[in-house]
Amino acid sequence: MSLEVDVLKPAIGAKVRLDRSAIGDSAVSQELLMLLERHTVLVFPRIGLTDPQQLALTDALGERVNIAARVPGRGGADAVYQVTLNKGAKIEPEYVLGTFFWHMDGLTVDVPPPKATVLSARRLAPKGGQTEFASTKAAYAALPPEEKRELEGVRVYHTVTASVREFCPPEGLDDARRAMGREHPLVWTRRDGTKSLIIGSTADRVIGMSQAEGRALLSRLLEWTAQPAFTYRHCWEEGDCVIWDNTSALHRVIPYAADSGRMMHRTALAGVESAA
Ligand SMILES: [Fe+2]
């Protein structure tokens, strides 16, 4: 089995032609996982998945994790999470507005960060709403060797309060979210030895560094990662699905209006802790 693949950029992104009827085929799943590892972001143009099909695709690739349900008190969250600012939806505006800033999913919950996120475009915003991705794997690989050595063993504390600091004071969060935080290595190591940076808006402080030194390091790495060679901007069409390697890439959405109707459906694959 060989899928039709168009590479979007050398460092990040590939477009994959997948027939919905091939979802669940084990050879196809293996190939998709290999492509995800190689290209970090996989785009399935206008595949038009229903929720059951999106769940089936997610389950075919590995164990599923519901990160929305890991927020204390939200154990009953739906299996498919709706990312939207629509009034009347079960929205958490501070969480959705946080997606306007570079981040990785699930860094502050009590399970390993998801291996991958699966996102389907159900309804687009007339303006804005494109999603940008930046490969922290390519960014790490391109660092000079002495900088890589300096980052070894460095650990970072990630919080929800940090992720909303641009627009919401800590008091604006509910108690459960205000208390959420988790420590991760700055350099993520996979079983195959490949490495990436774990950074983004949730990064609150670098353990053992002064606030100024830590934040300067984090913002320098963020700027380095966001350079054009390592980034891909996806301009959604209705029905598109994108799967990305969550610990190898940052993502953010170009701001869209609260009344735009934009609706994305999200599922995620469970991850494992860094090997080092
Ligand atoms: Fe996200």
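The values are calculated or read from the model by the stated rules, or taken from the named source; none is laboratory data. Just so you know, these numbers come straight off a predicted model, no measurement behind them. Here the Cβ positions follow ideal geometry from the backbone for every residue, glycine too, while neighbour counts run over all protein chains shown. Accessible surface is based on the protein model in full, side chains and every heavy atom, while ligands, DNA and RNA are left aside. Shrake-Rupley method; radii C 1.70, N 1.55, O 1.52, S 1.80 Å.
Solvent-accessible area of Cys235, all protein chains in place: 80 Å² (probe radius 1.4 Å, heavy atoms, ligands and nucleic acids excluded). Sites counted here are GluC sites (Glu not before Pro) in a DSSP loop (not H, G, I, E or B) having no more than 14 other Cβ atoms within 10 Å; the longest part of the chain that contains none of them is 64-151. Per-residue extension of 0.36 nm, minus the Cα-Cα distance of Arg17 and Val154, leaves a gain of 45.3 nm for this segment.
Could you pull out the pairs from Lys90/Lys127; Lys9/Lys115; Lys9/Lys90 whose alpha carbons sit more than 30 Å apart here?
In this structure, Lys9/Lys90 lie more than 30 Å apart at Cα.
Of the accessible area of the chain, with the probe set at 1.4 angstrom, what percent is carbon plus sulfur?
The computed percentage sits at 52.
Model label points for Gln82 and Thr189, set 7 angstrom from Cα along the Cα-to-Cβ axis, are 4.4 nm apart.
Compared with the alpha-carbon gap, the fully stretched path from Ala226 to Ile254 is longer by 8.7 nm at 0.36 nm per residue.
Annotation for region 72-145: trypsin sites (Lys or Arg not before Pro) lying in DSSP loop with at most 12 further Cβ atoms inside 10 Å of their Cβ are Lys87, Lys90, Lys127.
Calculated accessible area for the chain comes out at 45 Å² per residue, all protein chains present (probe 1.4 Å; ligands, DNA, RNA ignored).
Remark: relative contact order (the chain) = 34 percent; criterion is Cα-Cα distance under 8 angstrom and separation of 6 or more residues. Out of Gly62, Gly181, Gly172, any idea which swings most in a Gaussian network model of the chain, alpha carbons joined below 10 Å? Of the options given, Gly172 has the highest mean-square fluctuation. Note on Glu237/Ser210: beta-carbon distance plugged into 1/(1 + (r/R0)^6) with R0 of 41 Å gives a FRET efficiency of 0.30. Take the convex hull of the alpha carbons in the chain; its mean projected area over all directions comes to 14.0 nm².
The calculated 222 nm mean residue ellipticity attributable to helices in the chain amounts to -6500 deg cm²/dmol, summing -39500 (n - 2.57) over DSSP H runs of n ≥ 4 and dividing by all residues.
Compute the length gained on full extension between Ala27 and Glu171: take 0.36 nm times their separation in residues and subtract their Cα-Cα distance, giving the result in nm to one decimal.
Numbers: separation 144, 0.36 × 144 = 51.84 nm, distance 4.93 nm.
Working it through step by step, the gained length comes to 46.9 nm.
Sites listed here are trypsin sites (Lys or Arg not before Pro) in region 17-46 whose DSSP assignment is loop and whose Cβ has at most 14 other Cβ atoms within 10 Å: Arg46.
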